[in-house]
Amino acid sequence: MLLLGIVVNMLLLIVMFAIILKANRSIVSMRSKNAPSEDLKSFGYKQELLRDMGGFSNFAVSFSIISILTGAVTLYGYGFNQGGPAIMGVGWPLVTLFVLFIAAAMAELTSSIPTSGAIYHWASILGGPRWGWFTGWLNIIGQVTIVAGIDFGCAGFASALLFGNPTHGQTLVTYAVILIMHATFNHIGINVVSKLNSFSAIYHIIGVFIIIGVLTAFGPRHNVGYLFNADFSTVTSGSTPYWFAFLVGLLQAQWTLTGYDASAHTSEETIDPKVRAPWGVYLSVAISGIFGFILLAIVTMSIKDPSAVAQAGGNAFIVAIQQAVGGWFGQAMLWMVTIAMWFCGLSSITSSSRMIFAFSRDKGLPFSKIWSHVSKKFYTPNYAIWLVSVIAFLSAIFNNVYAVITSLSVIGLYGSYFVPIFLKLRAKSKGAWTAKDDGPWNLKGWSGPVSVIACAWIIFLVVLMVISPSDVTITSHYTLHYATGKIFISVLLLLTIYFFAYAKHHFKGPHLGSYAEISERLRKKEDAVVPSGETVQH
């Protein structure tokens, strides 16, 4: 495992900086040609949201949603129980490596098509209304459940620090207060949230350095080799080998590195979105990957009693910090982490509400007229903001649902990421997507291989999350086994029924504006490959 860890980490750094250099070269080349920049009117929409975000603010939205002080912390016990220290030393960089390919593919699309609909618009342009509708719903499922995962995790930490051993009711009340605060701030206006997001990015970086500095000062208990230890797992048995437990434990890193499409969703509010928004998508993953690895490495090497950390479950990170530091200083560090989670949830509602706004603007949701409403005073999609908050609260009512919520957010978000990346590959293979459709941020000849690797990882990931063991206690007499897979399949079935019963006949998709040309080119290419005498239903 040591050799594998070294190879993965070296490969990660090489890929990370190679993509940065390649994309930057493309931007410089296109800027030198003074290529015209299209605005939102290219899509046939009226500019309703306030375009006031700078490049750092756009990056900060995704960086805050990724929040290594949220995902890596709240699921620390889950990952540690599954694969032990190797989950941090090998699993985290392995996931980061593949997510960089996905982020790069999405950054290219963000540069080409910068609207708040993002993934949903990309799928609609490249595949038509049907692809767009299912992609929009998958993204919304992922967006809402990631809000639930972040804010419920924050509530778990806050209630544990406030009440010691909180009841589920106390945690739910804390959760409700946090959601109300986030919805209120997002309702008030993008200027307030933008400033808080920028502060959040700085806060996260400082917070990570403080934790690393303190733990280093107190002295790690293990050397670096401990990070590649594959001998510890509390879930392995005759029927569950270590390799499968290790793969399931990748949820910790994979759930952390989600939500970076937020930079694309806020592109309508970003200045120079064809350059700044794609950098926000990619750099949020790259920087989070580096800082996340350093944080997890130093925390893991500071563990004194691995069994106690494993037994702590959702509070494993708290126990690890208390073992290493303890006392009031340890409590202060844990409050610092909890505040970081609060910032993360704030950004997540920003992204989720923009997706619901964009989808409702095209009548993709029931009661779309309500959810597409924009406040005349604050220029924010106020009803969409409160809808996200209410659904997020309801989804976390049951006990032992955290792993299911996080798994569903991974499946929903990455499932929606897959569709436009795959459709762009298909369009390029048919000649419907050409170089003139690329934005300034693109990888030229690397684009195809990067997208293929991204699609392959997403397929593997979704299958893994669906088949992973997960139990939810519904009542004292009934437990839903393999809940993640069953819930996701049930949701897909209901969406399919709803689509064919209603949406197929009423949903027309988004305005394509100047991008209708790409769809038309793709349609003609598809017609060209149909045998003579047959017709294609569009």
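The values are calculated or read from the model by the stated rules, or taken from the named source; none is laboratory data. Note that this is a predicted model, so its numbers are computed, not measured. No Cβ is skipped: glycine too gets one built from the backbone with ideal geometry, and neighbour counts run over all protein chains shown. Side chains are part of the model used for accessible areas, which takes the heavy atoms of the whole protein and leaves out ligands, DNA and RNA. Shrake-Rupley method; radii C 1.70, N 1.55, O 1.52, S 1.80 Å.
Quick notes on this structure:
- When segment 6-25 is filtered for residues that are in contact (Cβ under 8 Å) with a residue 40 or more places away in the chain and over 22 Å from MET88 (Cβ atoms), the ones remaining, listed by number, are ILE19, ILE20, LYS22, ALA23.
- Subset of segment 256-303 (residues that are open to solvent by 10 Å² or more (accessible area, probe 1.4 Å) and of a type in the set (Asp, Glu)): ASP272
- All conditions but one from (1) farther than 22 Å from SER124 by Cβ; (2) open to solvent by 80 Å² or more (accessible area, probe 1.4 Å); (3) at pLDDT below 90 apply to SER470; the one that does not is (2).
- Members of segment 334-345 found to be in contact with a helix residue (DSSP H, G or I) (Cβ under 6 Å, 6 or more places away or on another chain), open to solvent by 10 Å² or more (accessible area, probe 1.4 Å) and either closer than 18 Å to GLY292 by Cβ or aliphatic (A, V, I, L, M) (or both), listed by number: MET336, PHE343
- Test: ILE190 is touching a Leu at 6+ places or on another chain (Cβ under 7 Å) and either within 17 Å of GLN322 (Cβ to Cβ) or hydroxyl-bearing (Ser, Thr, Tyr) (or both): no
- Exactly one residue among ALA245, ALA230, ALA320 is assigned to a loop (DSSP other than H, G, I, E, B), of a type in the set (A, V, I, L, M, F, W, C) and on the phi < 0 side of the Ramachandran plot, and that residue is ALA230.
- Close Cβ contacts (under 7 Å, 6 or more residues apart or on different chains) running from residues in segment 187-215 that are open to solvent by 10 Å² or more (accessible area, probe 1.4 Å) and part of a helix (DSSP H, G or I) to residues that are of a type in the set (Ser, Thr, Tyr) and modelled with pLDDT under 85 comprise SER194/SER57; SER198/SER57.
- Extreme residue, surrounded by the most Cβ atoms within 10 Å (Cβ to Cβ), among residues of segment 161-177 that are among the hydrophobic types (A, V, I, L, M, F, W, C) and more than 18 Å from ALA148 (Cα to Cα): LEU161
- Boolean, GLY127 is surrounded by 24 or more Cβ atoms within 10 Å (Cβ to Cβ), touching a residue at least 60 places away in the same chain (Cβ under 8 Å) and of a type outside the set (S, T, N, Q): no
- First in segment 362-376 and closer than 16 Å to ASN139 by Cβ and small (Gly, Ala, Ser), second anywhere and part of a loop (DSSP other than H, G, I, E, B) and open to solvent by less than 60 Å² (accessible area, probe 1.4 Å), Cβ under 7 Å, 6 or more apart: GLY364/PHE507
- Members of segment 107-123 that are of a type in the set (Ser, Thr, Tyr) and more than 14 Å from THR270 (Cα to Cα): SER112, TYR120
- Residues that are touching a helix residue (DSSP H, G or I) at 6+ places or on another chain (Cβ under 8 Å) and open to solvent by 50 Å² or more (accessible area, probe 1.4 Å) within segment 476-490 comprise TYR482, ILE487, ILE489, listed in sequence order.
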